[in-house]
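Notes follow the structure.
The values are calculated or read from the model by the stated rules, or taken from the named source; none is laboratory data. Since the model is a prediction, treat every value here as computed from it, not as a measurement. Note that each Cβ is placed from the backbone with ideal geometry, even for glycine, and that neighbours are counted across all protein chains shown.
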Amino acid sequence: MEEKEKMNQEEAASQEEAALTLPSLEPGQIVEATVTAIQDESILVDIGYKADAVVPRGELNLGLVQKPEDFFKVGMRLPVEILSLDGENGPVVSYRRAVERAAWERLQEAYDRKEIIEAPVVEHVKGGLVLDVGLRGFMPASQVEMGYVNDLSTYVGHPLRARIIELDPSKNRVILSHKVVLEEERQRLKEKTWAELEEGEIRRGVVKGLTDFGAFIDLGGVDGLLHVSEMAWGRVNHPSDVLNVGDEIDVYILHLDREKGRISLSRKQVLKDPWETAEEKYAVGSIHYGKVVRLAPFGAFVQLEPGLEGLVHISQLADWHVHDPADVVREGQEVRVKVLRVSLPDRRISLSIKEAERPVSFGPRAESSPSRPDDLTLGNRFGSLLEEMRERLAHGKDGEDEDEEEGR
């Protein structure tokens, strides 16, 4: 009897000693636990208490189709929040609440510091996207990109960098913006580009948009205007004739107005000027094929190559007297012409259709062996001077009409 009483006293002392060594735990406290068992709808964890604590399914932070064994393993350490210490089956704790609390703390810190966070898009809902930031964060459709997005579902499963623009734990509200991140990055790029740009340099850019008067070129966060007159050495009727949105092109910086934020660009300045080799390629007396690009009262302009046009004066259209160039040629027609004169300083070439149609009675064909000025007969020399005088007399003092038309 005495021995049994002694054993009871020792057991009570042991329990009292164990109680004194147990950690001081209370509801709402976050502790680190170790998974000891995995059940169908819950897990058991060791929180250093006299009995293992249970984590019900609703507190496991699982998806609808996930099972506890899909995520948790015996021996895994994880944070939990104590819900109750005297439940029917022992302590009850929550992994979900511990994770959310930690997430709110991290989000609050990121919000206060205006940090950029990265999180995966888990769902497309009406009006925007849901991101996993440790809890559900919402990104309105207007905050996804700098422009309108037609199909938000393409973002699901992909991470997005975002800034927290609204945080309210009491309403369980986290509002995110990817657009703000893009705007800030574009502004930094814009400032960097402006600091680097210099007049007279050549830059690589992307065609951002086309208008009737030109194209806007993105030089790196900064847009410059490429006027239609600077797109090519030849005449361009519309920017879409030579450029497409998205094209990468080299442009020459003509002028910078940092105060007004304007940039004037040129594409033709980085292209080879066809007039540099015009005198060699289109020697006087040589015969070529060209396309009629426009008509004027005094003649027709023929394109020999892009950026290089010559004038066929009305007197050189045919062997008979022509009242209207349209009676002989039409725009878009391919014609055979003979070079009468080349003036590089004036960027002019005088051509003749009627001379090209006349048979040549000496030497090889002009196309294969163009005649040089030194090879011309006196008749050809004086004939050319006579034609020049005729053009000027027919169209006013010093050929002003022709000057104006050719100079465009």
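From the residues in segment 313-339 that are out of contact with any Lys or Arg (no Cβ under 8 Å at 6 or more places or on another chain) and of a type in the set (A, V, I, L, M, F, W, C), which one is farthest from Glu357 (Cα to Cα)? Reasoning before the result, please.
At the first step, the residues of segment 313-339 found to be out of contact with any Lys or Arg (no Cβ under 8 Å at 6 or more places or on another chain) are 314, 320-330, 336-339.
Filter again for of a type in the set (A, V, I, L, M, F, W, C), leaving 314, 320, 322, 326, 328-329, 337, 339.
Values: Ile314: 15, Trp320: 13, Val322: 16, Ala326: 18, Val328: 13, Val329: 14, Val337: 8, Val339: 12 Å.
Going through the qualifying residues, I end up with Ala326.
Among the candidates Val236, Val245, Val302, single out the residue that is touching a strand residue (DSSP E or B) at 6+ places or on another chain (Cβ under 8 Å), buried (at least 18 other Cβ atoms within 10 Å of the Cβ) and on the phi < 0 side of the Ramachandran plot.
Only one candidate qualifies: Val302.
Considering every residue within segment 130-146, establish whether at least one is assigned by TED's automatic domain parsing to the domain that holds Arg163, more than 14 Å from Leu176 (Cβ to Cβ) and not acidic (Asp, Glu).
There is at least one residue in segment 130-146 that is assigned by TED's automatic domain parsing to the domain that holds Arg163, more than 14 Å from Leu176 (Cβ to Cβ) and not acidic (Asp, Glu).
So for segment 214-221 (the condition being part of a strand (DSSP E or B) and not assigned by TED's automatic domain parsing to the domain that holds Gly261), does at least one residue qualify?
no
Return the residue satisfying two criteria in turn: it lies in segment 66-85 and is under 14 Å from Gly28 (Cα atoms) and not aliphatic (A, V, I, L, M), and of such residues it is surrounded by the fewest Cβ atoms within 10 Å (Cβ to Cβ).
Let us first name the residues in segment 66-85 that are under 14 Å from Gly28 (Cα atoms), namely 79-85.
Next, from what is left, pick out any that are not aliphatic (A, V, I, L, M): 79, 81, 84.
Values: Pro79: 16, Glu81: 20, Ser84: 13.
It comes out as Ser84.
Quick check on segment 254-290: of everything there that is among the β-branched types (Val, Ile, Thr) and touching a strand residue (DSSP E or B) at 6+ places or on another chain (Cβ under 6 Å), which residue is surrounded by the most Cβ atoms within 10 Å (Cβ to Cβ)?
Only one residue tops the list, namely Ile263.
Would you mind stating whether Gly63 is among the small types (Gly, Ala, Ser), loosely packed, with under 12 Cβ neighbours inside 10 Å, on the phi < 0 side of the Ramachandran plot and not assigned by TED's automatic domain parsing to the domain that holds Lys171?
Yes.
For the subset of segment 146-195 comprising residues that are of a type in the set (Val, Ile, Thr) and not in a loop (DSSP other than H, G, I, E, B), which member is surrounded by the fewest Cβ atoms within 10 Å (Cβ to Cβ)?
Out of the qualifying residues, it is Thr154.
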